[in-house]
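Read through the structure below, which is laid out as structure tokens, and then see the notes.
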Amino acid sequence: MTYKLFLVEDEIATREGIRDAVDWAAAGYQFCGEAPDGEMALPLIRERCPETVITDIKMPFMDGLQLCRILRETLPFTKIIILSGHDEFKYAQEAIQIGVTEYLLKPVSPQDL
């Protein structure tokens with residue numbers, strides 16, 4: 001079975017790097033889309049219903065934590081992986097309260113993903 005994956009990351013080089021560095025098909029995923037922020041991602045995620053969403057935590061317009069809260073309400077079974085350049089405990093604590101699956105610090109290796 002192939003699972004759909006959606007990526008939300010505002011830094012274009014990081015987004016392209018994650019998208020291109022991982023062999024998603026070999027990992028059992030279909031890369032179904034990407035967006036530079038939560039506001040642009042939300043309608044695409046609702047349309048494509050991915051099983052997994054990887055999102056940055058700090059982005060303009062709608063940050064990753066806001067996106068996670070909305071996804072928990074509307075797509076409760078979606079697994080969420082947060083990528084963060086911030087190792088502040090408050091971000092990880094809030095992510096745990098929201099119910100994210102993983103919280104990874106940048107830079108992240110393809111093997112970690």
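Find the relative contact order for the chain and round it to a whole percent, using C-alpha pairs within less than 8 Å whose residues are 6+ positions apart.
On the way: 181 pairs, mean separation 27.9, N = 113.
For the chain, the relative contact order is 25 percent.
Using the basic label-point model (7 angstrom from Cα toward the beta carbon), what is the GLN111 to GLU73 distance in nanometres?
Here the answer is 4.1 nm between the modelled labels.
Could the peptides 21-30, 81-90 be put in order, highest first, of the mean number of other beta-carbon atoms found within 10 Å of their residues?
Details: 21-30: 13.3, 81-90: 14.9.
Packing proxy ranking, top to bottom: 81-90, 21-30.
Going from the alpha-carbon gyration tensor of the chain, what semi-axes, largest first and in whole Å, does one get by taking the root of 5 times each eigenvalue?
Rounded to whole Å, the semi-axes are 19, 17, 14.
In nm, to one decimal, how far is the modelled label at GLU39 from the one at GLU102, with both set 7 Å along Cα→Cβ?
Once both label points are built, they end up 2.9 nm from each other.
Report the relative contact order of the stretch 49-98, percent, no decimals, based on alpha-carbon pairs under 8 angstrom and at least 6 residues apart. Walk me through the numbers before you get to the answer.
Numbers: 45 pairs, mean separation 22.3, N = 50.
With pairs under 8 Å counted, the relative contact order is 45 percent.
For the pair HIS86 and ARG46, what calculated FRET efficiency results from E = 1/(1 + (r/R0)^6), where r is the Cβ-Cβ distance and R0 = 35 Å, to the nearest 0.05?
0.85
Tell me the carbon and sulfur percent of the accessible area for the chain, rounded to whole percent, probe radius 1.4 Å. The partial results should precede the final answer.
Numbers: 3300 of 6180 Å².
The value for the chain is 53 percent carbon and sulfur by accessible area.
The values are calculated or read from the model by the stated rules, or taken from the named source; none is laboratory data. All values derive from a computational prediction rather than experimental measurement. Every residue, glycine as well, gets a Cβ built from its backbone with ideal geometry; the counts of neighbours run over all protein chains shown. Side chains are part of the model used for accessible areas, which takes the heavy atoms of the whole protein and leaves out ligands, DNA and RNA. Shrake-Rupley method; radii C 1.70, N 1.55, O 1.52, S 1.80 Å.
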